[in-house]
Amino acid sequence: MRILLVEDDPDLSRQLKLALGDAGYAVDHAADGEEAQFLGETEPYDAVVLDLGLPKVDGVSVLERWRRGNVATPVLILTARGSWNEKVAGFDAGADDYLTKPFSTHELMARIRAVLRRKAPEALDTAVEVGPLKLDPATRRVSREGQEVRVGPTEFRLLHFFMTHPERVHSRSQLLDRVWGDHVFIEERTVDVHVKRLREALNPVSCSQMIETVRGAGYRLTQQVQSQPMSA
Ligand code: CA
C-alpha cells in the first residue's frame, strides 16, 4: 500500500512518516501543495494524508484540482483545531475523512485503514486455494481434499488473510491491522495465540506446517514446505 503524505511541518512529517512506515505502508512525502498536486496526479497512491494549510497551493485547492481531474484516491485531511470552515471546505472539495490536530498516530492509522477499506472492500466472497488448502468465505468452510477443517472465527479471518497474501512475511502488527482491524489496542501476543490455534486446527489435515514462523519478522503462509500427505 502506497501513501502520499502531504505535510509542511517538518517535525510532524518525520513523525508521521515513521509511523506509517512502521505500519507497513510505503510513504512518499510532499511538503507543499504544488509537489503534492503533481505526485497525486502522476503516482498511483492507495490513500493520501493531506494537510490543508500548505505553502504554494493550499490543501483544499489541491484536492479540488485532483477531483476535477478524476483523481479518485481516498483523501484523509488534517485540519487545525476548531477550524470548522476548513473541515467543511475539505469535505466539499472531496475529502473522505478528516483528523483534527493534534491526533495520535493510532488514530491516524485507524482512519487510514477505514478509508482504505471503504475504497476497496476485499473480495470477501471469493474462494481461495493455496496448495491443498481451500477456503470458501461464502460457506465459511476450510477444507483439504474434501475433508473439512474446523476453525474459529478469528482463525478463519487470519487464515483468509494468509491465503490471500501467501508467501509473504507479515509482522504481528501488520496482522493486527489487517485481521483485527480497528482494535488497535490488542497486544501483539494475541496474534501468537491465534496462530497457534490455527496450526492446531490445521493439524488433522496435515497442513499446520504451512504457517511458518519467520524469526524476528512474523508469520507467513507457504506451500514451499511440502505439506504432508494426509494420514488416514
Ligand atoms: Ca500546515
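The values are calculated or read from the model by the stated rules, or taken from the named source; none is laboratory data. This one's a predicted model, so the numbers in the text were calculated from it and none came from an experiment. Cβ sites come from the backbone with ideal geometry, for glycine too, and all protein chains shown count toward neighbours. Side chains are part of the model used for accessible areas, which takes the heavy atoms of the whole protein and leaves out ligands, DNA and RNA. Shrake-Rupley method; radii C 1.70, N 1.55, O 1.52, S 1.80 Å.
With only Cα atoms counted, the chain has Rg and Dmax values of 20.9, 70 Å. Take every pair of alpha-carbon atoms less than 8 Å apart whose residues are at least six positions apart; their mean separation over the length of the chain yields a relative contact order of 13 percent. Cβ-Cβ distance of Gln223 and Thr126, R₀ of 25 Å, FRET efficiency by 1/(1 + (r/R0)^6): the value works out to about 0.85.
Could you tell me which trypsin sites (Lys or Arg not before Pro) in the range 23-85 are loop residues by DSSP with no more than 16 other beta carbons within 10 angstrom of their beta carbon? Spell out each step's value before the answer.
Values: sites: Lys56, Arg65, Arg67, Arg68, Arg81; in loops: Lys56, Arg81.
Passing sites in the range 23-85 are Lys56, Arg81.
Within a straight-line Cα-Cα reach of under 22 Å, Lys87 can be paired with the following lysines, leaving aside sequence neighbours fewer than 8 residues apart in one chain: Lys56, Lys101, Lys119.
DSSP bridge analysis restricted to the chain gives an antiparallel fraction near 45%, rounded to the nearest 5.
Fraction of C-alpha pairs exceeding 23 angstrom in the range 128-221: 17 percent, rounded to a whole number. Taking all Cα-Cα distances within the range 1-59, those exceeding 17 Å account for 31%. For the pair Arg150 and Arg68, the difference between a 0.36 nm per residue extended length and the Cα-Cα distance amounts to 24.5 nm.
The mean accessible area for residues of the chain, using a 1.4 Å probe and ignoring ligands and nucleic acids, is 52 Å² per residue.
Between Arg14 and Val193, what FRET efficiency follows from the Cβ-Cβ distance if R0 is 22 Å, with the result rounded to 0.05? That gives a FRET efficiency of 0.05. The base-10 log of I(q)/I(0) for the range 57-128, evaluated at q = 0.14 Å⁻¹, reads -0.50 [Debye formula, identical scatterers on Cα atoms, solvent excluded]. With R₀ fixed at 30 Å, the C-beta to C-beta distance from Arg141 to Ser104 puts the FRET efficiency at about 0.15. Computed over neighbours whose Cβ is under 12 Å from that of Pro44, the net charge equals -3, Lys and Arg +1, Asp and Glu -1.
Which three numbers, in whole Å and largest first, are the semi-axes of the equivalent ellipsoid of the range 2-117 derived from its Cα gyration tensor as √(5λ)?
On the way: eigenvalues 66, 52, 39 Å².
In descending order, the three semi-axes are 18, 16, 14 Å.
About its Cα centre, the dipole of the range 128-221 is roughly 100 debye, where the only charges are +1 on Lys and Arg Cβ and -1 on Asp and Glu Cβ.
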